[in-house]
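**Student:** Following this message is one structure expressed as structure tokens.
The values are calculated or read from the model by the stated rules, or taken from the named source; none is laboratory data. Everything numeric here is computed off the predicted structure, so don't read it as measured data. Every residue, glycine among them, receives a Cβ derived from its backbone with ideal geometry; neighbour counts consider all protein chains shown. Remember, those area values only see protein heavy atoms, side chains included, never the ligands or the DNA or RNA. Shrake-Rupley method; radii C 1.70, N 1.55, O 1.52, S 1.80 Å.
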Amino acid sequence: EVPAWAYVCEEPGHTDHVLCLCTHARVEGLAASGGKDNALVLWDAERGKVRHRIELGRNPLDLAFGHGPCDGSLLAAMDSLPGEEGQALVIDVETHQLRLALSASTVGPGCAGHVSCLHASLSGGTLLTGAADGSVRQYCARDGSLVLQYNSGMRDVNLTSLSCDGRYIQASGDRDEAHVLDTRRPDRPLHVLRHEPVAQHVNGVTAQWAHSAGTVIVTGSDDCVVRLWDVSLAQPMLTSLPGHSAPISCLAIAPDDDLVVSGGDEGKVVAYSRHSAPSVLHMQSGRWTLGRDQDNFLSQRGVLPAAAGAGHG
């Protein structure tokens, strides 16, 4: 049975807007938040109480706890002050002391310096940053040494992540494309996954790797379409999934890879699943079902029936 959600309590940990949140994968009840008051707050989420407050001097724009040997660290992507390079901070959760301050963005004409996003590898060995100079950087989580740097050509990389096996990196931003790198050859993109161009970019591309299929990634963009890709293929697009009438702003994949859910600016959530096949993200057999009513079917080639309409939840 699904446990009932219950209100615990509310405590004013910040004095201004909350910008980012994260929870710890192993330590139950440990959460962190960052706000426009230039503060980072560690929470005891079970009791709804503040554990510790850290003044940072600038806004944290993204947060993530480390994994594996680095799960005692909290990572923070930082806004930049005028004329300064952006930084990513690594903070010890127990002592609240700064472990590393990584220079993760450069400042130039027409280029802001902030670090927009970060991602901790599941192995705990590395961390990724995406920045307003259009760069993606990978660092060693132990000593902060730079492993790789890739310049995407985008104005801002606001989402970056590693595939479940740690082999591929995706970087997406304010355009209609997501860059995929092979960490063994990071000097050039393996693929640039493109959505249809739009007159005005709203959200750019949002992306999510599959949890068990290391080469499969799902993207959504301002063209209102969710697309599935296998980056190991020369022609990586597997299928496109309609269902939205407004730009797509967020995506999630169930832990068993059997459900893809997208949220759009029209206020609609669309669920895509394929229960008739062993793996929803392995396009070998079976059909895709679009929406909870299962009244839309996509063939293996991604061709919709002429009378199909979008199901939604």
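**Student:** Filtering region 260-278 down to residues that are open to solvent by 20 Å² or more (accessible area, probe 1.4 Å) and not β-branched (Val, Ile, Thr), which residue is modelled with the lowest pLDDT? Step through it out loud before you land on a result.
**Tutor:** As a first pass, look at region 260-278 and keep what is open to solvent by 20 Å² or more (accessible area, probe 1.4 Å): 261, 265-269, 271, 275-276, 278.
Checking which are not β-branched (Val, Ile, Thr) leaves us with 265-268, 271, 275-276, 278.
Details: Asp265: 90, Glu266: 87, Gly267: 86, Lys268: 85, Ala271: 86, His275: 60, Ser276: 41, Pro278: 34.
Once the filter is applied, the top-ranked residue is Pro278.
**Student:** Give me the pairs: first residue in region 57-84 and under 14 Å from His96 (Cα atoms), second residue basic (Lys, Arg) and not in a loop (DSSP other than H, G, I, E, B), beta-carbon distance under 9 Å, and six or more apart or on different chains, which are they?
**Tutor:** Matching pairs, first to second residue: Ser73/Arg99.
**Student:** Has region 139-153 got at least one residue that is under 14 Å from the mean Cα position of the chain (by Cα) and open to solvent by 30 Å² or more (accessible area, probe 1.4 Å)?
**Tutor:** Pass one, region 139-153, residues under 14 Å from the mean Cα position of the chain (by Cα): none.
Checking region 139-153: not a single residue is under 14 Å from the mean Cα position of the chain (by Cα) and open to solvent by 30 Å² or more (accessible area, probe 1.4 Å).
**Student:** Can you spot a residue in region 71-84 that is open to solvent by 30 Å² or more (accessible area, probe 1.4 Å), of a type in the set (Asp, Glu) and farther than 19 Å from His24 by Cβ?
**Tutor:** yes
**Student:** Could you list all residues from region 20-58 that are within 21 Å of the chain's Cα centre (by Cα), surrounded by fewer than 18 Cβ atoms within 10 Å (Cβ to Cβ) and in a strand (DSSP E or B)?
**Tutor:** Leu21, Thr23
**Student:** Taking strands (runs of 3 or more DSSP E) that fall entirely within region 177-259, which contain at least 2 residues that are open to solvent by 30 Å² or more (accessible area, probe 1.4 Å) and closer than 27 Å to Leu127 by Cα?
**Tutor:** Numbers: elements: 177-182, 191-194, 206-209, 216-220, 226-230, 237-241, 248-253.
In region 177-259, 191-194, 248-253 are the strands (runs of 3 or more DSSP E) which contain 2 or more residues that are open to solvent by 30 Å² or more (accessible area, probe 1.4 Å) and closer than 27 Å to Leu127 by Cα.
**Student:** Mind counting the residues in region 155-176 that are more than 15 Å from the chain's Cα centre (by Cα) and either buried (at least 24 other Cβ atoms within 10 Å of the Cβ) or farther than 26 Å from Ile253 by Cα (or both)?
**Tutor:** Taking region 155-176 first, the residues more than 15 Å from the chain's Cα centre (by Cα) are 155, 165, 167, 175-176.
Those left that are additionally either buried (at least 24 other Cβ atoms within 10 Å of the Cβ) or farther than 26 Å from Ile253 by Cα (or both): 155.
Going through region 155-176 one residue at a time, the tally reaches 1.
**Student:** A follow-up question, please. Could you please let me know if Glu11 is without any contact (Cβ under 8 Å) to a residue 60 or more places away in the chain, open to solvent by 70 Å² or more (accessible area, probe 1.4 Å) and assigned to a loop (DSSP other than H, G, I, E, B)? Walk me through it before giving the result.
**Tutor:** Numbers: without any contact (Cβ under 8 Å) to a residue 60 or more places away in the chain: yes; open to solvent by 70 Å² or more (accessible area, probe 1.4 Å): no; assigned to a loop (DSSP other than H, G, I, E, B): yes.
For Glu11, the condition - without any contact (Cβ under 8 Å) to a residue 60 or more places away in the chain, open to solvent by 70 Å² or more (accessible area, probe 1.4 Å) and assigned to a loop (DSSP other than H, G, I, E, B) - is not met.
**Student:** (1) surrounded by fewer than 16 Cβ atoms within 10 Å (Cβ to Cβ); (2) modelled with pLDDT of 95 or more: which one isn't true of Val90, the others all being true?
**Tutor:** (1)
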